[in-house]
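Report on the following structure.
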Amino acid sequence: MKKAFRFLLFLCIVGFCLGIFYWKYGNPMSSQARYDRTHENKDVITKQQVNAILATFEKVTFKDLDKDYLKYTKSSSSKYKSMLKNGTYYKVPSDSIYQKIVGKNRIRNFLPKDKYYKSIKYGQKKYLYWLLDKRILYKVIALQDELEKRGYNRNAFYIRSSFRHPHYNEKIKGASKSRHIKGEAVDLTIQDINRDGRYTDKDKQIVLDIAEKKIIKNEGGIGLYPGTRSVHLDVRGFRARWNTY
């Protein structure tokens, strides 16, 4: 009986310790809540707010990236180097991934969920690289402003995907010259834009119409993806439209 009791006590202690470890390092929602309790983390609704947040991060050029990062992400391969060598990378401290950067969307929404991202949860990495063309953040804010101007819910979408380094983009079978690789794109998941209590195709069409006529126009790409809730926006500098992934 004593051995059984000691063994049971041992299991309880181990379970408790694992629970504490998971809460502290392995649960992104608890880390997010902890960040919000200790930081003023208001919704970001202006370009000025975006610029002020980005100004707190160290900028890194392509040639200054860690060698391990370049190798793992395939960024230094001949296939991708020319795409990336002039980009602006931000060195984001681990806890700052929970900082809101566009509306209610946090920096973590814009990052690839790779081994570096996962290492943040276990305290193994102190920062992440974020390749970003901040014009795409401005476009999302402009979309939100236009939705609000028309009486719609400015926060009824979230960022599902944005920056993808080459290795991650290949892993998820993205286009070989995807604008996500350059930090120029976002994929949105559309929700109840028109406030009727449910998602329908009308909600997505509202976003597509505004993107086409007011936000992106002939200055970038719009992925239409019919039959889904997804919309792709990018700032490539010329017009592009497509229906399929």
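Does Ile101 qualify as being touching a helix residue (DSSP H, G or I) at 6+ places or on another chain (Cβ under 8 Å), in a helix (DSSP H, G or I), assigned by TED's automatic domain parsing to the domain that holds Arg229 and modelled with pLDDT of 95 or more? Considered against the rule, which asks whether it is touching a helix residue (DSSP H, G or I) at 6+ places or on another chain (Cβ under 8 Å), in a helix (DSSP H, G or I), assigned by TED's automatic domain parsing to the domain that holds Arg229 and modelled with pLDDT of 95 or more, Ile101 comes out as no. For Lys91, the conditions (1) at pLDDT 95 or above; (2) in a loop (DSSP other than H, G, I, E, B); (3) not acidic (Asp, Glu) are fulfilled apart from (2).
For segment 117-135, a residue qualifies if it is buried (at least 22 other Cβ atoms within 10 Å of the Cβ) and not in a strand (DSSP E or B), and the qualifying residues are Ile120, Leu132. Considering segment 161-173, the residues that are over 15 Å from Tyr117 (Cβ atoms) and either touching a residue at least 12 places away in the same chain (Cβ under 8 Å) or assigned to a helix (DSSP H, G or I) (or both) include one that is nearest to the chain's Cα centre (by Cα), namely Pro166.
Out of curiosity, is Tyr199 more than 30 Å from Thr73 (Cβ to Cβ) and either among the hydroxyl-bearing types (Ser, Thr, Tyr) or part of a strand (DSSP E or B) (or both)? Yes.
Residue check: Ser176 meets all listed conditions (1) assigned to a loop (DSSP other than H, G, I, E, B); (2) surrounded by 18 or more Cβ atoms within 10 Å (Cβ to Cβ); (3) of a type in the set (S, T, N, Q) but one, namely (2). When Arg198, Arg241, Arg236 are checked against the criterion of being crowded, with 16+ Cβ neighbours inside 10 Å and either in contact with a helix residue (DSSP H, G or I) (Cβ under 9 Å, 6 or more places away or on another chain) or in the same structural domain as Asp145 (by TED's automatic domain parsing) (or both), a single residue qualifies: Arg236.
Once segment 182-196 is narrowed to residues that are under 22 Å from the mean Cα position of the chain (by Cα) and part of a loop (DSSP other than H, G, I, E, B), the residue that is nearest to His232 (Cα to Cα) is Glu184.
For (1) without any contact (Cβ under 8 Å) to a residue 60 or more places away in the chain; (2) surrounded by 14 or more Cβ atoms within 10 Å (Cβ to Cβ); (3) not assigned by TED's automatic domain parsing to the domain that holds Ser178, each residue gets a yes or a no:
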{"residue": "Arg34", "(1), (2), (3)": "yes, yes, yes"}
{"residue": "Ile45", "(1), (2), (3)": "no, yes, no"}
{"residue": "Leu65", "(1), (2), (3)": "no, yes, no"}
{"residue": "Leu70", "(1), (2), (3)": "yes, yes, no"}
{"residue": "Ser75", "(1), (2), (3)": "no, yes, no"}
{"residue": "Lys79", "(1), (2), (3)": "no, no, no"}
{"residue": "Ser82", "(1), (2), (3)": "yes, no, no"}
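Among the candidates Tyr80, Tyr22, the residue that is touching a Pro at 6+ places or on another chain (Cβ under 8 Å) and either in a helix (DSSP H, G or I) or modelled with pLDDT of 95 or more (or both) is uniquely Tyr80.
The values are calculated or read from the model by the stated rules, or taken from the named source; none is laboratory data. Treat the numbers as computed from the prediction; the structure is a model and nothing was measured. Positions of Cβ are backbone-derived with ideal geometry, glycine not excepted, and every protein chain shown enters the neighbour counts.
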